[in-house]
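Undergrad: Let me give you the structure first, and then I'll get to my questions.
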Amino acid sequence: MVQVLTKPERVSRQGDAYNYKKTSVLKHKRRPKRHNSVPYCVVHAIAGRIRFRVPKILQDAQYARHLQALIELDERFDRVRVDRAAACIVILYQPNGDEREIRDRLANLIQLANESVVPLRVQRKLSQPPPPKDSWSSLRFPVLATSLSLLGGSLGLPVPTLLTQGAIAVAALPVAKRALASIFGKGRLNVDFLDLSALAITTAQGHFVASSSMVALIELGESIRDRTARAYHNRTSDLLSLLDRLVWVEREGSKHQIPIEKLRRGDTVIVYPGEQIPADGTILRGRSTIDEQKLTGESMPVLRGQGETVYASTLVREGQIYIRAEYLGADTRAGRTLQLLQDAPIQDTRIENYAAKLADRAVLPTLILGGTLLCTTHNAARAASIFTLDFATGIRVSIPTTVMAALSAAARRGILIKSGRALQQIACVDAIVFDKTGTLTQGDVAIVGVRTTDDSIDPRYVLQMAAAAEQRITHPVAEAIMAYAKAQGVIILPRKQWNYCVGLGIQAQIDGTSVLVGSERFMVSEGVNLDTLYERHRDLRRAHYPTIYVASNGEMLGTIQYSDPVRPESPTVVDRLRNDIGAELHMLTGDNRQRARAVAAELGIPFDRTHAEAFPEHKAKVVQQLHAEGKTVAFVGDGLNDSAALAYADVSVSFRDGSDIARETADVVLMENDLHGLVEAISIARHAMGIVNQNTRFVAASNLTGLAVAATVGLNPIAATLINNGSSAIVGANGLRPVLNGCPLPERTTDRPVSIPSF
């Protein structure tokens, strides 16, 4: 769980045991010698915010608590957020000091948290609330009652009858509470009332073994079911709280840096390269390349200029812009995404126990039958036998056991299914909606080909000129060109004078040659003739791949095409889901329609089920529409922009390396970051539901047979308990099949490798 903490109450360090000058890692004389330092690295850092990766956070929960408390107690830091799943810690602070000193202080705290002796203030802060009640603790009294019954009954030991009856009464209290809650809260009798009646009669008749074993089995089923339940909470990290805490605004002709909380609608906000945009608004002047991946999920930055709209939480990669702040905080598109999460329907977290519902509906007929037998035969034992055969005791054990076994089997395959409800829902899935970027595709820019204007031009030369011009440019396409050139063994020539035009391209002097690398518009503006290129490659304008143009001394050399390639396993997984699982497949993306259709065509997804240029609220709407059509919908995504759709889907699937909020919202997490896990999760769930149906039929048949015997010729309460509990034991053992014998899973095939063009 990701927890965003509010600003902690500061403590005075004057004369306190927690004084950095006395307790620093290097100067604390009383601390034991540290043999092993804690490894860490800085993942990302901007003024006022720094993110560390500390593997020990994931491995040691106590260390994570120590580190969090240490940082909270330091008055230099405003806020700390620990993400144990990602082994990361994010610290926010006021950027008004030496950044190097801040890093050194945090590095010291990372080591200090590993010490066996921690400062007194930290010990106080680490005082934990009482641990939650263990779900197995409810079995203590049923086990005690059963033990006393066996000792006094079967073994003949002198156990006081009053003691045994008292133990059974205490053990039956949860059953009584549930029965009374149904009577007074819902105004109806339920299966717990039947259980309570049978327990009272058998105990009054002196059948202590039957009554104690009955209550033990009932509570065992409840305990197992509680352990398979997952409380559904929207524990989402506050996206807006992770924005830069200070922003630059222009007021009355001068620039001011103010806290983000004081930003007002209508303010002119100045955003520099490397900063996040703090509000939704319109660009007044300037041009910038903006990374919208955090909001839309798309890895390719977009160019924005005067008059265009930009959104909070997106990152300015290049260029400087002035924007008019129009929507702030919760009114921004990012804020509305979080509101969608909060408004998402909260589902029941337990698997639907239809056997219990059947038993509830049978309560009144069972009471009438038992009461009739009692009035006609005056035999309380026969009535108790009727009450004992309640259909639900076996299912209360078998369903949770099957669920736990299936969850364990899935975990062995690297699939985290978070609840019994998720297991049931994914077994019923008949529509699957995929986010494109990072889910069906790899989420990274990759070069797919180099074309030249003439056979005499070596494609390696085109790549060499482009890589030389693009070196040290922090843009995904530039980085992809550099990586591709190095992979091809191309020598990167030195770059001399150069000029970068934001959103257009770069002009550079390479080996005495004036090289242009950029967009088609850039080439036209520089007077480069493209006719020769288009005559040679007539399909270039219609190509689905975005293109970088390369020219030298005013003459076109060729193009470099790039894309976000599909995952190696995506074609196979899509084929299995369509043909083997029988699911209707949809694809959602914030990307443009042309690129979306290119990926859809490659994977065989129909164009009418491909939804392009979709923001988070659009994705949630598509999921809701499918749900309204009666579909059981699974949504597969990995980004913050997918979190609303994940919350609205019947079952949501994400990856271990997905965003914190997506991973927390998801019902199923593919821990191996492999889409094959989705096929396997559905197979495991359907196998488990098959076992549940099989167990339900068996329990119903055995109890109906016992009921017929009890109503006609009579049945001893112990025999009725043996039938009821015996069938429970059988179906319970059968429910363990997923983890004992495994599930029939489709084998993972060797998928096609990602093709990297070579020369």
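Every number in this text was worked out from the coordinates using simple rules, so none of it is lab data. The structure displayed is predicted, hence computed values, not measured ones. Glycine also receives a Cβ, built like all others from the backbone with ideal geometry; neighbour counts cover every protein chain displayed.
Undergrad: Return the long-range amide H neighbours of residue 556 (sequence gap of 5 or more, or a different chain), with a cut-off of under 5 Å between placed amide H atoms.
TA: Residues meeting the criterion, in which the H sits 1.01 Å from N, are 529.
Undergrad: Where in segment 270-285 does the amide nitrogen come within less than 17 Å of the point 7 Å from the Cα of residue 521, taken along Cα to Cβ?
TA: Of the residues in segment 270-285, 283-285 have backbone N under 17 Å from the label point off residue 521.
Undergrad: So if each residue of separation counts as 0.36 nm, and I subtract the Cα-Cα distance between residue 733 and residue 672, what length gain in nm does that give?
TA: The span from residue 733 to residue 672 would gain 19.0 nm if fully extended.
Undergrad: Can you list the residues, at least 5 places off or on another chain, whose amide H is less than 5 Å from the amide H of residue 431, using H built in the peptide plane?
TA: 584, 632, 634
Undergrad: Sorted from fewest to most neighbouring beta carbons within 10 Å, what does the list 428, 375 look like?
TA: Least to most surrounded, the residues fall as 375, 428.
Undergrad: Over 28 Å between C-alpha atoms is what I'm after, so list which of 418/619; 56/418; 186/631; 436/496; 262/621 land there.
TA: 186/631; 436/496; 262/621
Undergrad: By how many nm would the segment from residue 47 to residue 147 lengthen if fully extended, with 0.36 nm per residue of separation less the alpha-carbon distance?
TA: Gain on extension, residue 47 to residue 147, equals 29.5 nm.
Undergrad: Just want the ordering: 214, 523, from fewest to most Cβ atoms lying within 10 Å of their own Cβ.
TA: By the 10 Å Cβ count, ascending, the order reads 523, 214.
Undergrad: Starting from the Cα of residue 330, step 7 Å along the direction of its Cβ; do the same at residue 284; then give the gap between the two resulting points in nm.
TA: Placing both labels 7 Å beyond Cα along the Cβ direction yields 2.8 nm.
Undergrad: To continue, here is another question. Could you tell me whether segment 169-220 comes out rounded, prolate or oblate from its Cα gyration tensor? Rule is a ≥ b ≥ c as square roots of the eigenvalues, rounded for a/c under 1.5, then prolate if a/b exceeds b/c, otherwise oblate.
TA: The shape class here is prolate.
Undergrad: Calculate the length of the line joining the C-alpha centroid of segment 411-463 to that of segment 165-197, in whole Å.
TA: Here the answer is 53 Å between Cα centres.
Undergrad: When a footprinting reagent is the concern and you count Cβ atoms within 10 Å, what order do 256, 618, 66, 475 take, fewest first?
TA: Lowest to highest Cβ neighbour count: 256, 618, 475, 66.
Undergrad: Scan around residue 611 for amide H atoms under 5 Å from its own, H built in the peptide plane at 1.01 Å from N, and keep only partners 5 or more places away or cross-chain.
TA: Placed amide hydrogens put 587, 588, 589 under 5 Å from residue 611.
Undergrad: Shape of segment 446-563 from its Cα gyration tensor (a ≥ b ≥ c, root eigenvalues): rounded if a/c is under 1.5, otherwise prolate when a/b > b/c, or oblate?
TA: Rounded, because the longest to shortest axis ratio a/c is under 1.5.
Undergrad: Residue 629 to residue 308: FRET efficiency via 1/(1 + (r/R0)^6), r the Cβ-Cβ distance, R0 45 Å, to the nearest 0.05?
TA: Once the sixth-power term is evaluated, E becomes 0.80.
Undergrad: Per residue of segment 475-489, what does 6.51 cos²θ - 1.76 cosθ + 1.60 with θ = phi - 60° give for ³J(HN,Hα)? Whole Hz please, x for Gly and Pro, Karplus curve as stated.
TA: Calculated HN-Hα couplings, in order: 9, x, 5, 4, 5, 5, 4, 5, 5, 5, 4, 5, 5, 8, x Hz.
Undergrad: Run the numbers for residue 163 and residue 472: contour at 0.36 nm per residue of separation, minus the present Cα-Cα distance, in nm.
TA: Result for the pair: 103.1 nm of gain on full extension.
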